[in-house]
Amino acid sequence: MKKQHIQTLAVHAGETKGKNKDIIQPIHLSTTFERNEDGTTGEYIYTRAENPNRIAVEQKIAQIEGAKTTIAFASGMAAINALFDTLLEPNCHIIIPDDCYHGTRQLLDTFFKRWNVTANRIDMTEASHVEKAIQPNTKLIWIETPSNPQLKITDLEAVISIAKKKNILTVCDNTFATPLSQKTIQIGIDYVMYSSTKFFSGHSDILGGVVLTNKEDELSQSIRNYQKMAGAVPSPFDCWLLNRSLATFPLRFKVQSENATAIANFLIKHPSIEKVFFPGLPTHENHHIAKKQMQNGFGTIVSILVKGNQRNALAFTNKLHLFKHATSLGGVESLVEHRRSVEGTNPISPENLIRLSIGIEHIDDLLSDLKQALE
């Protein structure tokens, strides 16, 4: 059979055919599996180590990404922690974006201080900034592009080239772009990480994270071993739900991206908006790089600076009706969030920054809601 399109893979990849030839995969809730008469094990031993639902969803995500290996975890933070625990070492140095998911920053600051891990937070919109930040003990370059929440763009090819010359590992949190828009492993990244809670789920009812790679070395195997031994694995039911949700992922993302582009173009002209962050706009600082490495749209997240201060920003969020004021993104419903309020200690987002996660609602209804709130 010839290579299938992404929409077909999202429906059929990772299919398992049981004895009943189920069209929809059954849920395998068993925590343990019967051994053979001689004491040997079959395909499955214990659900922490492997489970039919988890294997199926890992295979599906691997084919969507075009990667050899997917390793699923119970949350995006569990996936990030697995990468840090296996790729970092005591007294090493890591480079992360200055505009980075606050959970990533807090994990380093809170738990990896015991290893004396130091981190440089730099503006990755220029590859030269990355090169200047490298130290003799730099072990890892962590990339977010687009970044969260200011949607900064990193030139992946340029940073990967620098890292390979210095023999430094690279990881990309590709949650915002998704593999539908940005194939980071094909560009040359060592490991790509996703919060599968977001676009892969798409319905705000599954918690999960995944790590993908084409590397087959001992270090990569250690991530798989970490998954099995540390036990931060998604439940069979969550894997089943995720497998189901992925079938509509390409359809959802297409509509969301189109809606986001229309909303960004509306907001950039509105007198109550100070600035719009969206890589699809020609006015975006690194639009030319986004255009080079992002395909099939520029994502579904639009961040804005409302004119005024935090009070003005929160007033805007509270006047919205369709956009619900809640944390998360990537779901079928549109969400709005005042980022500084949720970043905990040492927040870095401007006090008037609002992040919009665009859903699949009709664009006219979304625009109407934004217009009335801005009035």
(message) Suppose we filter 49, 62, 56, 10 for residues that are surrounded by 12 or more Cβ atoms within 10 Å (Cβ to Cβ), in contact with a Cys (Cβ under 9 Å, 6 or more places away or on another chain) and at negative phi; which single one remains?
(response) 56
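Any chance you could count how many residues in the range 29-81 are closer than 24 Å to residue 107 by Cβ and touching a Gly at 6+ places or on another chain (Cβ under 6 Å)?
Here the count works out to 7.
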(request) Within the range 247-268, track down each residue that is open to solvent by less than 50 Å² (accessible area, probe 1.4 Å), under 23 Å from residue 8 (Cα atoms) and part of a helix (DSSP H, G or I). (result) 249, 250, 252, 253, 256, 257
(message) Based on this model, can you work out whether residue 244 counts as assigned to a helix (DSSP H, G or I), under 20 Å from residue 363 (Cβ atoms) and either modelled with pLDDT under 95 or not hydroxyl-bearing (Ser, Thr, Tyr) (or both)?
(response) no
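Could you identify the single residue in 346, 286, 296 that is open to solvent by 80 Å² or more (accessible area, probe 1.4 Å), within 21 Å of residue 154 (Cβ to Cβ) and under 24 Å from the mean Cα position of the chain (by Cα)?
None of the other options fit; the residue is 296.
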(message) Going residue by residue through the range 100-123, is there one that turns out to be surrounded by fewer than 18 Cβ atoms within 10 Å (Cβ to Cβ), touching a helix residue (DSSP H, G or I) at 6+ places or on another chain (Cβ under 9 Å), assigned to a loop (DSSP other than H, G, I, E, B) and among the charged types (D, E, K, R)?
(response) yes
(message) Please pick out the residue among 190, 217 that is of a type in the set (Asp, Glu) and out of contact with any Lys or Arg (no Cβ under 8 Å at 6 or more places or on another chain).
(response) 217
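When only residues in the range 176-186 that are over 9 Å from the mean Cα position of the chain (by Cα) and hydrophobic (A, V, I, L, M, F, W, C) count, which is surrounded by the most Cβ atoms within 10 Å (Cβ to Cβ)?
The selected residue is 180.
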(request) Check whether at least one residue in the range 306-322 is of a type in the set (S, T, N, Q), under 15 Å from residue 148 (Cα atoms) and either modelled with pLDDT of 95 or more or crowded, with 16+ Cβ neighbours inside 10 Å (or both), and report yes or no. (result) no
(request) Please go through the range 187-237 and pick out each residue that is among the small types (Gly, Ala, Ser), open to solvent by less than 20 Å² (accessible area, probe 1.4 Å) and not in a loop (DSSP other than H, G, I, E, B). (result) 209, 220
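For residue 358, are the conditions met, namely being more than 19 Å from residue 177 (Cβ to Cβ) and within 23 Å of the chain's Cα centre (by Cα)? I'd like the intermediate steps shown before the answer.
Working: more than 19 Å from residue 177 (Cβ to Cβ): no; within 23 Å of the chain's Cα centre (by Cα): yes.
No: the conditions fail for residue 358.
The values are calculated or read from the model by the stated rules, or taken from the named source; none is laboratory data. Source: prediction; values computed, not measured. No Cβ is skipped: glycine too gets one built from the backbone with ideal geometry, and neighbour counts run over all protein chains shown. When the accessible area is computed, the model is the full protein with side chains, heavy atoms only, and any ligands, DNA or RNA have been set aside. Shrake-Rupley method; radii C 1.70, N 1.55, O 1.52, S 1.80 Å.
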